[in-house]
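Take a look at the structure set out below.
Only the coordinates and a few stated rules stand behind these numbers; no lab work does. Just so you know, these numbers come straight off a predicted model, no measurement behind them. Glycine also receives a Cβ, built like all others from the backbone with ideal geometry; neighbour counts cover every protein chain displayed.
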Amino acid sequence: MTLTKFARNGATIGADPHASGGQILAQVEQATDIAPDFVIFDGGVNDAQSIFRDHAYTIATYAAELEKTLHTMRRKWPTAPIVYVAAHKLGSRDWGTQVALREVTLETCRKWGIAIADIFGDTTFDTRDDAQRAKYTFDDLVDGFPGAEGSGTHPNMAGITTFYLPVVSDRLQQISSR
């Protein structure tokens, strides 16, 4: 598989003028029109900060922007299977905001026929548990690679291979076998 990454760290589904990665909708609009074999995306992690801590927008605004994003993906790549990756349970974000965003996102993805690789619901990855936070997340690179002892947001290689890779791979295989 050839991977083309259009995502940017710090991006949000909602339009937050302070989001370091911009808005995911803009990334989709700027990506090539050539239909990929798969589209894999996530969202909500930085939105949780924008909504809870920064009060940049509301969950309702997030929901409307997610609708626009999915509509744009479907219009731009009508033949491409799309997979939303639901992030793990985050000790670094407000729990109520995470749960509310998750409910809206899963409902909207189902409405649009978007497949879900559900790390949140289908794994035990939960960085509210300090041992998991320390072992499976990073904030800084060590010799060019993700370290450990992170804030609980960014999965390191152990977190990716233990929790993300199996769920995402399984979902892609399910889609491919149709």
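Please report 92, 177, 20, 50 as a ranked list, fewest other C-beta atoms within 10 angstrom at the top and most at the bottom. Display every interim value, and only then the final one.
Details: 92 18, 177 6, 20 11, 50 22.
Ascending Cβ contact count within 10 Å gives the list 177, 20, 92, 50.
Amide H to amide H, which residues 5 or more places from residue 116 or on other chains are under 5 Å from it, using H placed in the peptide plane?
84
Could you grab the relative contact order for the chain? Cα pairs under 8 Å, six or more apart, rounded to a whole percent. Before the final figure, lay out each step's value.
On the way: 282 pairs, mean separation 30.9, N = 178.
17 percent.
I'd like the antiparallel share, as a percent to the nearest 5, of DSSP beta bridges with both residues in the chain.
Details: 4 of 13 bridges.
In the chain, DSSP labels about 30 percent of beta bridges as antiparallel.
For the chain, what number of Lys pairs, 8 or more residues apart or on separate chains, have alpha-carbon atoms under 30 Å from each other?
Lysine pairs meeting the criterion: 11.
Once you compute Rg and the Kirkwood Rh from C-alpha atoms, what is the Rg to Rh ratio for the chain?
Answer for the chain: 0.94.
Can you list residues from other chains, or at least 5 along the same chain, whose modelled amide H is less than 5 Å from the amide H of residue 137?
Placed amide hydrogens put 149, 150, 156 under 5 Å from residue 137.
Summing Lys, Arg as +1 and Asp, Glu as -1, what charge do residues with Cβ under 10 Å from the Cβ of residue 146 carry, residue 146 excluded?
Working: positive: none; negative: 139, 140.
Neighbour charge sum, excluding residue 146 itself: -2.
How would you rank 1, 157, 73, going from fewest to most other Cβ atoms within 10 Å of each one's own Cβ?
Numbers: 1 6, 157 14, 73 21.
With the sparsest Cβ surroundings first, the list reads 1, 157, 73.
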